[in-house]
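Notes to accompany the following structure.
Bear in mind these aren't lab numbers, they're just calculated from the coordinates by the rules spelled out. All values reported here derive from a predicted model rather than from experimental measurement. Neighbour counts are summed over all protein chains in view; Cβ atoms, including those assigned to glycine, are modelled from backbone coordinates with ideal geometry.
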C-alpha cells in the first residue's frame, strides 16, 4: 500500500499516475553474452528511433531505453562498475543532443576500477567543454560511493591478517523521469555491470520496467539514499536528492535493498526474504538456482531443509566454474559441501552442475603457479532463484556473507500471479534450461567452440580440474598455451618463434594440450594453425 500523504490532492494524483501505468506497463529481460544463450532470447532485435535495428544485447537494450527518452528527461544510474566506453559515449551524446540530465553513481571502494572512473570523469569533462563552446546545455554529474562512507556506517570487516576491507556498492540499476515530472516512470536492474565483458562474454541479465512508477519509485528511493548518505562528487556540484519513502505496491515487483534501515541499529536483511521463498517450494514443485557465488551457509542449509521436506520436488543448482574448487576453507564455497551433505542425508532430489571452461586454467603471475584463473572462466554471473516456476528472486545479490553484511545489494521479487511477471520468469527459464543442458562434449571437438556454454557435475569437474593443472605443469606446457589468447589463430612456426622451443618439445606440448582439449588444430582462411578450443 502507498502511505497516506498529508496532501490528499497529491496522494490522489500519485495514485492516478500509478494506475495509468497498469494498461501501458511493459517488462522485459535481456541477457549476456550477446543476447543470451537460448534461441528464445538471442534472436531478438531492437528498433531505434532512427529506424535502425540492432541485436537485443545488454548494451543495446540500455541504449535503446535512453534513445526513447524525450529531450529534457532525467536519468539516474547506479552501477558497481562501468567500463563500456561505447555505451558511455551514447549517454554523453544523449546529454549533449537531447539535454538529458544524467546522474551516474559508481562504486568508489574497489581500487581496481579507479582507472575506469577517471576515464569516465575525463570524458564527461570533455563533453562539458564541447557543450560550453557550442552554447548548449549539458548536465552530467558523476559521484562514487566511498570507503569512508562505508566505514562510517559499519560496512567493514577485519581479515585474519588484520587487513580492513570495506563493503562495495554492488547494485546495477537505473531510473528514468519525464521532463519536469518528479515521479519516475521507468527503470532497470539486474546482475550486469555496464562493461564489454557483461555484454559479450559473461552470463548476465538486466530487467527493464517501462511505464511502471510503482517499481521505479522503489529504485528512486534507493538512489536517493545512496547518493545522499554515501556518495562523494567526482564531476559536478553535489545537490542532495529529494528522498521519498516508498512502499511496495501489490501487483508490482517488490525490491528489497539491504541499505534500507529497519531501525536505528539494523539494516534490512535480504537472506530472510530468500529463506522464506525457499520455504515455499511445493511438495511436487521445484527450485532452480543460478548463482555466481554460493558461500552463505544459511541459504545452503535452507535448500537442504526444503529438499528434505519435499522429496518429490526437483532441485537444480547451476553454479559458476570457480565454485567447484573448495580446497581453500577460507573461501567457504558451498556447492561441493551441499552435494556431500545431501548424499549423507540420503537426498536424491538435488542436482548440481557447474559451468566449465578448459581454457580458464593458466599460470598466475601473482600466485606463481598454475591454477584456475577466474577472470578467464567466462563468469556465470547470474544471481537468480526460481521456485515452483512461479516465483523468482533476481538482482545483484550473490548468496554470500559479503553480499549480506558488507555490500549494498538488491533482489527483485517476481510472482506469476501478477500480470507480466510470468514472461520474465519464462525468459529466464529458457536461459537456465539451455545452460543446464549444455553438457561438456565427451569427445574432442573439431572446431573452436569459443563462448559456448558447457556444464559438468562435481565429479567431472574435480577430475578435469586436477588433470588440466597437471597437464599445464608438465614440461611447462602452460607457456605454449599462453601464446594463444582468446581470439588467436597461430601456426606451428609462429608458436615456435614465440616460445623458442625445439620442434620436438613443441610437438610434445601441442599434443598434450590437444589431448586435454585446451587447443585445437584447424584451418582458417586456408592456413593451418592452432586456437583455444573453447
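Numerical summary
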item	result
Part-to-part distance (alpha-carbon centres) for region 104-144 and region 377-418, which is given in Å	30
Peptide ranges 383-390, 232-239 listed from the most packed, as the mean C-beta count within 10 angstrom indicates	383-390, 232-239
Sequence of 34, 155 once ranked by neighbouring C-beta atoms within 10 Å, starting from the fewest	34, 155
The chain: relative contact order as a whole-number percent, Cα under 8 Å and 6+ apart	14
Computed [θ] at 222 nm, helices only, for the chain once each DSSP H run of length n ≥ 4 contributes -39500 (n - 2.57)	-10500 deg cm²/dmol
DSSP-defined beta bridges in region 26-251 - what % are antiparallel, rounded to 5	70
Region 26-251 - percent relative contact order, Cα under 8 Å, separation 6 or more	25
Rounded tilt (10° steps) of 297-309 against the dominant C-alpha axis of the chain	80
Helix 458-473 vs. the chain, principal-axis angle (Cα, 0 to 90°, nearest 10)	60
Cα long-axis angle, helix 8-22 against the chain (0 to 90 degrees, to the nearest 10)	40
Residues 480, 330, sorted so that the one with the fewest Cβ neighbours within 10 Å comes first	330, 480
Proxy reagent accessibility, fewest Cβ within 10 Å first, across 522, 227, 112, 436	112, 522, 436, 227
